[in-house]
Structures are given as C-alpha cells and as structure tokens.
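Presented below is the structure to which this report refers.
The values are calculated or read from the model by the stated rules, or taken from the named source; none is laboratory data. Note that the structure is predicted; figures quoted are calculated from it, not measured. All Cβ positions, glycine included, derive from the backbone under ideal geometry; neighbour counts span all protein chains shown. Each accessible area value is taken on the protein alone, full model and side chains, heavy atoms only, with ligands, DNA and RNA left out. Shrake-Rupley method; radii C 1.70, N 1.55, O 1.52, S 1.80 Å.
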Amino acid sequence: MSNPSKLASLQSLLQEKNDEIERLREQLAGNEAASEFKQELHQTLSRAVNIGYWEWDEIANKSAYFSEEMAAIMGMSLESLYEQYQCEEDYFRFVHTDDLQRYIDNLGAILHPDHPRGSAHKFHYRIIRPNGEVRHLLELEYGKQVEDGVITRTYGAIQDITDIEESTRLLEESEQRYSALFSKLPLGVMEQDWSEIKMRVDRLRSEGVDDFIEYFQQNPLVLKELAGTIIISSVNDRLMEIYGAGSIDDFIDSEEDTSDWWDDEWANLYASEIAGLAGSEKISFSEATETRMDGSEFYVRLITSLVKGDEDSWQRILTIIEDVTERKKYEVDLIEARNIAEEASKAKTEFLSNMSHELRTPLNAILGFSQLFEYDMSLGEQRQSRARAINNAGKHLLNLIDEILDLSRVEAGNIELSMEPVRLGPVIKASVSWVAEMAKGRGISIEFDPGVYSGVMVEADAGRLKQVFLNLLSNAVKYNCENGKISIDYQLDEQGIARISITDTGIGISPDQLDDLFKPFNRLGAEFMGIEGTGIGLVITKRLVELMQGELKVDSKPGQGSTFTVQFQTIQGYRDGIEVSNAAEVEIDSSVINRPDILVAEDNLANQVLMEAQLEALGYSADFADDGLEALELWKTGNYQLLLTDIRMPKMNGNELIRQIRVEELSTAPIPIIAVTANAMESDTKQCLEAGANDVLSKPFTLEALKQMLEKWSPLQGKSV
Ligand code: ADP
C-alpha cells in the first residue's frame with residue numbers, strides 16, 4: 001500500500017467514480033423531474049378529457065393500479081376504490097343493472113384467443129356512482145402478452161362520455177321529432193340538397209355579387225343550370241298526395257329534368273329563394289303555379305328555409321308546400337267582388353252627383369225667386385210670408401240633398417278637406433247665431449261665452465268644422481224640450497286638448513240606442529215624434545271630426561238630456577289674420593253706380609230669369625247667352641267686364657267656354673270669370689278653377705252670396721263703391 005503510484009492511480013479511480021456518481025445523480029434528478037413532469041402532464045390531460053387508467057393482474061385476479069381520475073370518474077376516493085374493487089366481480093355492483101350482461105360479455109373479449117393481439121377492445125356501459133348518479137363510460141382494454149402467449153396483465157382506460165352521450169341523445173330526439181313532423185305534417189314537405197348552389201353563391205359573393213335576384217335576371221342560364229343540380233333527399237306523403245305522385249321515385253323523376261317545367265315564373269321563384277336563403281333571414285316565402293302529375297295546375301305557397309346546422313353547406317334545405325288553390329280562388333272572387341263593389345260605388349257617386357245637379361238646378365229658381373218675393377214689399381205681408389215658406393221648404397230640400405251627397409262621400413272615403421289653422425271661437429259663434437232663430441222659436445236659451453275661446457286655434461277645415469257644430473247644435477234644439485236650455489262648455493287640458501261640450505235638456509238617448517246612434521238613416525224613433533230629420537247628420541259629423549283628427553263622444557241620460565263632446569288638439573301660437581268668415585248678414589244695397597257690363601251664360605230659362613232679377617235687385621244689368629257657344633260669340637263682340645257662366649250647357653260647356661276665352665284673351669287683360677254651378681262635388685269646383693275660372697258660386701246661392709262674389713271680382717271695386 002505504500003506504493004505511491006498505486007495510491008495515485010487508486011485516487012484517480014476514486015475521483016473518476018465520484019464524478020460518475022455525481023453525473024448519475026444529476027441524470028437521476030433530471031429523470032425524476034422528467035418523470036414528475038410526465039406524470040403531471042398525464043394527470044392534467046386525463047382530467048381534461050375525463051380518462052381514468054387501470055391495470056389488472058389476471059393471474060391473481062386483483063387490481064394492479066387505479067389512477068386518481070378513475071376514482072373521480074367512479075365518484076369516490078382512490079382509497080375507497082382500492083378497498084371496494086379488489087376482485088373482478090366487485091366491479092359488477094357499480095355497473096348499471098341494464099348494462100351488466102353486456103359488461104360481462106365484453107369483459108372476457110380481450111382474453112379470447114380470436115382477439116387480435118395488441119389491439120384494444122372497446123365497449124360502452126353505464127355505471128351508478130355511490131351518490132346515485134348515472135354516468136356513461138367508454139372502456140378500452142388492452143392485454144399484455146407474455147412469451148408463451150398467455151395474457152398475464154390487462155390494462156386500459158375508462159372515459160366518462162356522459163356529456164357526449166347526452167348531446168347525442170338530444171340530437172337523436174330532435175331528429176326524431178323532425179322526422180315525425182316531416183311525415184305527419186298536413187302540409188307537403190320536401191328536403192333537398194342545395195350544396196352546389198351554395199358553393200356558387202359563395203363564389204359569386206367573393207366576386208362581388210350581392211344582389212342575387214338582379215344577377216340571375218341577367219344570367220338566366222346559370223340559374224337554370226343551378227336548379228338542375230338540386231337533389232331531392234326526401235318528401236313526405238302529403239306532398240305526394242298534393243302532386244298526385246304514386247311514389248317518391250315518380251315524383252323525383254318528374255322534377256329531375258328542368259327543361260320539362262322551367263319557365264319565367266320558376267326562374268323568378270328560384271332567384272328569390274336563393275336570394276332569401278343567402279340573405280340574413282335565411283328564409284324565403286313565395287307563391288307559384290304548380291303542375292300535378294296528371295298535368296292539371298294548382299296554386300302553391302312555398303316556405304323555403306335551412307335545417308339548423310346546415311347554414312354553411314345548404315345540404316338540407318326544407319321546403320314546406322301548401323296547396324292554396326281554394327284560398328286563391330276565394331281571393332280572386334274577393335277581388336272581383338271588390339271591383340264590382342267599387343264600380344257600384346263609383347256609379348252611385350256619379351248618380352248622386354248627377355241627381356244633385358238635377359235637383360239643384362230647379363231649386364235654384366225656387367229659392368232665388370222666393371227670396372226675391374220676400375224682399376218685394378209691393379207683394380204684401382201674406383204673400384211675403386208664403387214666399388218665406390217656399391224659401392224655407394226649398395232650403396230644407398237643399399239641406400237634404402247636401403247631406404245625402406256628403407254621406408255618399410263619407411262612405412266612399414273621398415271627402416276632400418282643406419286643413420288650416422282655424423280659430424275656434426268664431427266658428428262656434430257663427431254656428432250659434434245660425435241656430436239662434438230656431439231655438440228662439442221653441443223658447444230654448446243658449447248659454448255660450450265666446451270670450452273663453454280667445455286665441456284658441458285648431459287644425460281643421462273651417463267649413464267642415466262649422467258643419468260639425470251646426471249639426472250638433474241643431475240637434476240640441478230639435479231634440480230639446482220646449483223652453484229648454486243648451487249650454488256650450490269649453491275645457492282645455494294640460495296636453496292642449498280642447499273639449500267643447502254641447503249639453504241639452506231634451507229627451508236624451510237610452511244606453512241601448514247609443515249603439516245605433518251613428519248608423520246612417522237610423523233615427524232612433526224620432527221619425528214618430530214629428531221631428532224633421534234624415535238620420536244622416538251624426539254619421540257625417542262623427543266622420544268629419546275623425547278626419548280632422550278629433551274625437552266625438554256622447555253622454556246621455558234619457559229624459560234629462562244629452563251631452564255631445566267634440567275634442568281637438570289645439571295649435572300652439574297664434575296666427576294673425578286667419579279669420580273664419582262669419583257669414584255676416586248682408587244688407588242689399590242698390591245704390592252703387594258704375595256697374596260693370598256682365599255677360600251671363602245660362603241654358604236654363606228659369607235660372608236666366610232669376611239671375612236677371614237678382615242682378616237687377618243688386619243694381620247690375622247683364623246680357624244673356626243660352627249656351628257656351630253663343631256666350632263666346634257675344635264675348636267676342638261685346639265689351640264685357642265680368643262673366644258669370646253655368647257649367648253644364650249644350651253646344652259648349654262652361655269649362656270649355658272659359659278655356660277658349662282664356663286662350664283668346666292672351667293679348668288683352670283677362671276678365672274675371674265666375675263659374676255658377678249646380679255640381680256640388682269638390683272635383684267639379686277644381687275643374688272650373690283649372691279651366692281658368694277665378695271663383696265658383698254654387699247653386700243654389702243666396703242674394704248675399706251673389707252680391708259678395710260680384711263685389712269681390714268687380715273690376716271697379718274699390719273705385720266707385
Ligand atoms: P237626424 O237629426 O236628421 O234624425 P242625426 O244623425 O243628426 O239625424 O241624429 C240621429 C238620431 O240621433 C236622431 O234621429 C235622434 O233620434 C238622435 N239624436 C241626435 N241628437 C240628439 C240629441 N241631442 N238628443 C237626443 N237624441 C238625439
């Protein structure tokens with residue numbers, strides 16, 4: 001041992017060994033770290049995908065290894081798993097009884113000589129966790145082979161696939177429901193594969209096409225070709241019934257060859273279906289004429305949509321087809337009936353307009369002459385009072401004609417309103433003064449304070465608004481008791497809604513009669529009380545109020561009286577200068593000198609005589625022509641300063657006369673032309689004004705109205721008057 005070189009070599013050997021030990025130690029530490037990492041990775045992944053591992057000693061029939069995750073899947077701690085699962089049979093108690101036999105049958109499979117060595121055996125069963133929860137497991141088993149071919153160990157994994165199973169079950173259920181609906185629906189249903197179309201749609205989109213309807217209109221052949229790529233996947237029984245097809249194949253055959261049925265209607269339909277499915281709604285509604293297998297035509301309504309989940313592939317396009325032939329027939333009948341009704345209504349309006357003209361023309365003479373007699377002092381008191389009676393009866397008749405005409409307009413919905421800001425006070429005041437005489441005759445007092453309406457304006461047609469109040473006020477007089485009372489109250493609420501209530505102390509209306517109050521011609525028994533009326537006024541009144549955006553309400557107590565309330569939204573602010581003409585009584589003044597030379601065109605002799613007398617009473621004189629043509633000739637020769645012309649005349653009508661004069665006088669100063677017409681429709685008035693008339697005077701007219709009109713248009717007005 002004293003040999004120093006031997007000692008040195010031993011020392012170096014020792015050093016070498018120490019180094020090696022150190023290296024191995026480092027390597028071991030590295031391996032341990034790698035193994036730890038692997039184990040951690042293994043556990044994390046196992047947990048993430050719900051996989052547990054096991055190993056089984058087949059010789060000893062006992063567990064060799066269970067992973068933590070396996071215990072977690074089984075719903076217990078690892079210790080408890082080891083404790084409860086010691087031999088193979090122990091596991092049976094965890095398996096769901098319905099699946100136990102299947103589990104047992106699969107158990108031995110890995111050990112069977114026919115099972116290919118090295119490959120896994122896979123099966124599925126349910127377990128019941130100790131807390132009663134049922135879980136679906138997928139088991140994978142491998143066998144470890146020893147040299148003589150005997151399997152001594154098995155190992156494998158269980159995966160908890162409950163979530164996957166659950167969603168598969170839900171999917172199956174929904175598929176079953178879908179199939180049940182598909183086959184049982186009382187509508188035709190067809191499922192088709194449109195994947196070729198979808199691919200083309202995507203391509204077109206990438207090329208910048210976004211309006212598919214427009215694109216297919218410009219490329220009809222592309223559309224036809226695409227329609228030919230559609231594959232019918234299935235159809236239900238009802239669909240075959242609708243088409244009269246014996247079998248699905250028959251039906252598919254008939255659809256397959258596009259050239260058999262392709263036309264413009266189908267091209268439009270397919271274009272709109274594709275556009276509908278490509279749009280955000282992913283649905284298309286359409287109607288089309290279809291052909292049954294026997295060649296007969298019928299009408300269908302189609303709803304085309306995507307089966308959920310197939311939005312990207314369009315592999316399942318569902319079309320619901322409803323045979324709407326019957327409904328279509330009703331629609332056509334209905335349209336026809338509506339056209340007939342509209343025709344009839346037009347004919348009625350025309351008839352009423354004609355009738356109104358025919359009645360107004362003689363009435364003009366009756367009212368005009370009777371009014372002249374009223375003013376003719378030489379006739380004596382008795383004759384004057386008879387003339388007044390004729391005039392009153394005539395006015396009543398005129399009122400009736402106006403109401404019937406208004407009703408027909410209301411029913412046809414062609415009342416023309418000229419809406420403007422109107423001051424409420426003057427309108428009500430004028431209406432009150434209109435009925436004052438009538439009320440006085442029955443000893444009825446009217447309580448009305450015009451002061452409260454100061455500055456109150458509503459958006460309305462002034463003339464129609466007055467008609468509303470006149471009707472309500474005259475009813476309040478008519479259906480009042482002798483010496484009764486009428487009060488007109490006014491309220492303005494915070495929202496600026498004005499309520500005008502007209503309350504009478506009359507007979508009232510019973511609750512069951514209220515339902516019929518606004519029905520035309522229904523007089524609720526007033527016809528037996530000797531009270532004049534037609535039962536139309538309130539229908540028109542209500543409609544007019546509504547057309548002017550207002551409301552009409554009634555409140556009544558039989559035997560005590562009624563309150564009719566009209567409400568309108570008021571207008572903020574005040575516009576000066578807008579006044580509603582107050583139909584002021586006009587005194588007849590015949591002292592005016594320098595009257596213009598007037599030409600009158602009028603074919604009706606009685607009206608000619610009347611006009612002459614009326615003009616004379618007002619201090620005017622005129623020349624008369626019997627028709628438009630004669631008037632034109634006279635106008636050319638004479639030096640007339642004003643023309644009053646009837647419209648319906650033989651040879652040349654008034655509008656034509658006006659037009660001709662307006663053309664001829666282009667180089668000279670135009671004369672004022674007043675159309676005097678018995679046509680009471682707004683459209684007639686419009687026509688006159690369009691022809692070139694300055695104003696329109698409706699027949700029959702009062703002496704006062706004629707006076708105002710002449711003064712308004714007299715070229716000398718303001719100079720000598
Ligand atoms: P008319 O007065 O011409 O009969 P309306 O249409 O104005 O027609 O009224 C219809 C019916 O409503 C009247 O016949 C009457 O029976 C009833 N009526 C209207 N206003 C009143 C009222 N103020 N008081 C009681 N009954 C009324």
Quiz item: Which of the following residues is at pLDDT 90 or above, of a type in the set (Val, Ile, Thr) and in the same structural domain as residue 245 (by TED's automatic domain parsing): 319, 291?
Solution: 319
Quiz item: Out of the residues in region 690-705 that are assigned to a helix (DSSP H, G or I) and within 23 Å of residue 656 (Cα to Cα), which is least open to solvent (accessible area, probe 1.4 Å)?
Solution: 691
Quiz item: In region 48-64, is there at least one residue being in a helix (DSSP H, G or I) and either surrounded by 12 or more Cβ atoms within 10 Å (Cβ to Cβ) or of a type in the set (Ser, Thr, Tyr) (or both)?
Solution: no
Quiz prompt | Residue among 380, 413, 394 that is surrounded by 15 or more Cβ atoms within 10 Å (Cβ to Cβ) and among the small types (Gly, Ala, Ser) | solution = 394
Exercise. Among residues belonging to region 286-313 that are acidic (Asp, Glu) and outside any strand (DSSP E or B), point out the one that is farthest from residue 201 (Cα to Cα).
Key: 294
Quiz item: Does at least one position in region 354-375 carry a residue that is closer than 22 Å to residue 616 by Cα, in a helix (DSSP H, G or I) and without any contact (Cβ under 8 Å) to a residue 24 or more places away in the chain?
Solution: yes
Exercise. With respect to residue 516, determine if the residue is more than 12 Å from the ligand (Cβ to nearest atom) and either assigned by TED's automatic domain parsing to the domain that holds residue 450 or in contact with a strand residue (DSSP E or B) (Cβ under 9 Å, 6 or more places away or on another chain) (or both).
Key: no
Practice problem: All but one of (1) more than 9 Å from the ligand (Cβ to nearest atom); (2) open to solvent by less than 70 Å² (accessible area, probe 1.4 Å); (3) assigned to a loop (DSSP other than H, G, I, E, B); (4) not hydroxyl-bearing (Ser, Thr, Tyr) hold for residue 533, so report the exception by its number. | Solution: (1)
Practice problem: Say whether the condition of being farther than 30 Å from residue 115 by Cβ, open to solvent by 30 Å² or more (accessible area, probe 1.4 Å) and among the aromatic types (Phe, Trp, Tyr) is met by at least one residue in region 153-160. | Solution: no
Quiz item: Counting only residues that are within 18 Å of residue 448 (Cα to Cα) and in a loop (DSSP other than H, G, I, E, B), which one in region 477-513 is nearest to the ligand (Cβ to nearest atom)?
Solution: 506
Quiz item: Would a scan of region 544-562 turn up a residue that is at pLDDT 60 or above and among the basic types (Lys, Arg)?
Solution: yes
Practice problem: Taking the residues in region 154-177 that are of a type in the set (Gly, Ala, Ser) and part of a helix (DSSP H, G or I) as candidates, determine which candidate is modelled with the lowest pLDDT. | Solution: 174
Self-check item: So residue 363, is it in contact with a Pro (Cβ under 7 Å, 6 or more places away or on another chain) and either surrounded by 11 or more Cβ atoms within 10 Å (Cβ to Cβ) or closer than 22 Å to residue 411 by Cα (or both)
Solution: yes
